[in-house]
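**Student:** Structure in structure tokens, see below.
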Amino acid sequence: MSDQREVRGVVVAHGSLAAGLVDAVRSIAGAAADSLHPISNHGRNPEALRSLIDNAAGDGPAVVFADLSSGSCGLAAMATCSDRGQRAVLCGVNLPMLLDFVFHREMALDDLVDRLIDKGRDGIRPMPKSA
């Protein structure tokens, strides 16, 4: 067993998207979803949003998943993680990425981030056209 702490996950998004994504992970993966902390930007100024992200991420390694890189959620995530070597921000969060996170969060942060990017991209594909 490794001495490394498991990576925490924070999902920050507009409206109720973060809660919806975490709820979907919970319905598929069960209690493993408890490692994800949803945060909404609704009714929050940038400072309040940054504070919530910072508290949810904690002191250990964390991945902050944001819905948009250029929106308030992505900007707040980047601000709270810019000077911390144990945090990573991934923008464009999707369900395949979150599902993979909850089952592989014991990995080293850099390796986990690379894996999550691949899983997120792999989860985006066109469906075959019906005849």
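**Student:** Quick one: Debye curve from the alpha-carbon atoms of the range 1-48 only, equal weights, vacuum; give me log10 I(q)/I(0) at q = 0.13, 0.15, 0.20, 0.25 Å⁻¹ to two decimals.
**Tutor:** After summing over all Cα pairs, the log10 values are -0.37, -0.47, -0.70, -0.89.
**Student:** Still on this structure: Treat each spin label as a single point 7 Å out from the Cα along the C-beta direction, and report the HIS14 to ASN55 distance in nm.
**Tutor:** About 2.5 nm separates the two model spin labels.
**Student:** Give me the distance in nm between label points sitting 7 Å out from Cα along the Cα-to-Cβ direction at SER82 and ILE124, one decimal.
**Tutor:** Reported label-point gap for SER82 and ILE124 is 2.5 nm.
**Student:** Report ³J(HN,Hα) in whole Hz for each residue of the range 93-106, in order, from the Karplus equation J = 6.51 cos²θ - 1.76 cosθ + 1.60 where θ = phi - 60°; Gly and Pro get x.
**Tutor:** 4, 9, 4, x, 5, 5, 4, 5, 4, 5, 9, 9, 6, 7
**Student:** Moving on to the next point. Subtracting the Cα-Cα distance from 0.36 nm times the residue separation, let me have the gained length for ALA24 to ALA108 in nm, one decimal.
**Tutor:** So the chain would gain 27.7 nm between ALA24 and ALA108.
**Student:** Sorted from largest to smallest, which semi-axis lengths in Å does the alpha carbon gyration tensor of the chain give for its equivalent ellipsoid, taking the root of 5 times each eigenvalue?
**Tutor:** Output for the chain: semi-axes of 22, 19, 14 Å.
**Student:** Roughly speaking, to the nearest percent, how much of the range 1-124's 1.4 Å accessible area is carbon and sulfur?
**Tutor:** Answer for the range 1-124: carbon and sulfur cover 50 percent of the accessible area.
**Student:** For the chain, what is the accessible area per residue in Å² when the probe is 1.4 Å?
**Tutor:** 56 Å²
The values are calculated or read from the model by the stated rules, or taken from the named source; none is laboratory data. Everything quoted here is computed from the prediction, not taken from an experiment. Cβ: placed from backbone, ideal geometry, glycine included. Neighbour counts: every protein chain shown. Areas reflect the complete protein model, heavy atoms only, side chains present, ligands, DNA and RNA absent. Shrake-Rupley method; radii C 1.70, N 1.55, O 1.52, S 1.80 Å.
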